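Structure, as structure tokens:
The values are calculated or read from the model by the stated rules, or taken from the named source; none is laboratory data. These figures come from a predicted structure and were not determined experimentally. Every residue, glycine among them, receives a Cβ derived from its backbone with ideal geometry; neighbour counts consider all protein chains shown. Note: areas computed on protein heavy atoms with side chains; ligands, DNA, RNA excluded. Shrake-Rupley method; radii C 1.70, N 1.55, O 1.52, S 1.80 Å.
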Amino acid sequence: MTVTIQPGPVSGALAAIPSKSAAHRLLICAALGDRPAFVVCDKESQDIAATIRCLSGLGAEIHREGEAYRVTPIRRDQIPNPCALDCGESGSTLRFLLPVVCALGATGTFHMAGRLAHRPMEPLATQLREHGCTITPRPEENQMDVSGVLTPGRFVLPGNVSSQFISGLLFALPLLGETSRLTVEGNVESKGYIDLTLRALSDFGVVPETLPEGWSIPPVGYHGPETVQVEGDWSNAAPWLCMGVMGGEGVTITGMDPDSLQGDKAVCEVLARMGGRIRRDGGDYTARPGQLTPTVIDARNIPDLVPVLAAAAAAAPGETRIVGAARLRLKESDRLVTTAQTLNALGGQVEETEDGLIIHGRETLAGGTVDAQGDHRIAMAAAVASVACESPVTVTGAQAVDKSYPTFWQELRGLGKSVEENE
């Protein structure tokens, strides 16, 4: 699908969509629980659907009832053998559930799409192999075979790789018959996502003991509440807040959690530092234009924000530097490459560095045509950049937003933008 977005600012208000980060975690905990539970989540994306498919492949029964999913937990004695686990392009689904499948002693195959089969799974796979499991990647077939039963013990991961590896083990280790220890070496990146995992575990009665270097995880059961609520998504609120500080009368996002542990809540602090005006009223956040100025953005804990923040920085005269973003090269696209290509195609001036970007901001951008390259965050960044453009922005492959935000283009129209879609 191709969309053409007319230039100029947006204004208005819209409700936050459910956080896919929180939804993944709560659905997994509910599927491992001791009784049926409702996970309130009024919208679905491709990534959330991927986790539901995989949990269903393990024997959970998950059905839509109104604005919630009714989750009947997995029973170990009824797990299909072998089980088929279609995780699409969802890296969270694969990395969270690979250790869980091993802990359940299931034999099966993960089926993957896009670049997922070529994204790194080490050192997580090594840890699983060292504790009794066989992990056989078949990237040429977009598959990964899993068998064996995970044994308890000491697991070690570096802190500067994907936090999803750490979360996956935190989900899996309570299922083992003895206490295990998870050690994280070095500085932990994306700590907010690990905290989000720990909160979801706590909601289901699983509380790992915090140690100086990690956690001790006893063999406890998941004891589920009857209902849990998926909070609003800060990652997908970020494009609207970026647009709000770039012009117009402002944008308000309603239904956010001020106490959220999502790392991407930091978008408010970054935009305020750039000169945007951010105001909170309860769970409603409003972003209004200010005199945008350049800054330095450390992306180690907020990698998903880089494309949309870079788009906002492209309209802030002066040099903005984004650092600590090397992991973006391993996302749905190499996001350092694709962010630079996208903004440069629209008349910006962006240079890549080894672990980030240098953005030479200017008052306006020209507009033009860009390719989303299969990446939802790149499609959204192009929409953000359109606020500063003098001519229309055309995005090919615009359906990439379905991965996390299927109603994105509809919401953009609701904020006053003219958006023309063509198949």
(request) For the range 109-188, please list each of the strands (runs of 3 or more DSSP E) lying entirely inside it that holds at least 2 residues being β-branched (Val, Ile, Thr). (result) 133-138, 180-185
(request) Output the qualifying pairs, or none if there are none: Cβ atoms under 6 angstrom, residues six or more apart or on different chains, first residue in the range 153-177 and farther than 23 Å from SER90 by Cα, second residue open to solvent by 30 Å² or more (accessible area, probe 1.4 Å) and of a type outside the set (A, V, I, L, M, F, W, C). (result) ARG154/ARG181; LEU176/PRO152; LEU176/PRO219; GLY177/PRO219
(request) May I ask you to say which residue of ALA84, ALA31 is of a type in the set (Gly, Ala, Ser) and open to solvent by less than 10 Å² (accessible area, probe 1.4 Å)? (result) ALA31
(message) Against the conditions (1) buried (at least 20 other Cβ atoms within 10 Å of the Cβ); (2) among the β-branched types (Val, Ile, Thr); (3) over 30 Å from VAL384 (Cβ atoms), where does THR72 fall short? Just the number, please.
(response) (1)
(request) Sort out for me the strands (runs of 3 or more DSSP E) sitting completely within the range 32-78 that have 2 or more residues that are of a type in the set (A, V, I, L, M) and out of contact with any Leu (no Cβ under 7 Å at 6 or more places or on another chain). (result) 37-40
(request) Can you give me the number of residues within the range 87-106 that are out of contact with any Asp or Glu (no Cβ under 8 Å at 6 or more places or on another chain), on the phi < 0 side of the Ramachandran plot and open to solvent by 10 Å² or more (accessible area, probe 1.4 Å)? (result) 2
(request) Can you work out which of the residues in the range 184-215 that are surrounded by 15 or more Cβ atoms within 10 Å (Cβ to Cβ) and free of Cβ contacts under 8 Å to residues at least 60 places away in the same chain is nearest to GLN262 (Cα to Cα)? (result) ILE194
(request) Kindly provide the set of residues from the range 260-297 that are under 25 Å from GLY324 (Cα atoms) and open to solvent by 70 Å² or more (accessible area, probe 1.4 Å), ordered by number. (result) GLU269, ARG273, VAL296
(request) Considering each residue of the range 360-397, count those that are touching a residue at least 40 places away in the same chain (Cβ under 8 Å), open to solvent by 20 Å² or more (accessible area, probe 1.4 Å) and hydroxyl-bearing (Ser, Thr, Tyr), and give that number. (result) 4
(request) Output the residues belonging to the range 349-375 that are within 26 Å of the chain's Cα centre (by Cα) and either in a loop (DSSP other than H, G, I, E, B) or modelled with pLDDT under 95 (or both). (result) THR353, GLU354, ASP355, GLY356, ALA372, GLN373, GLY374, ASP375
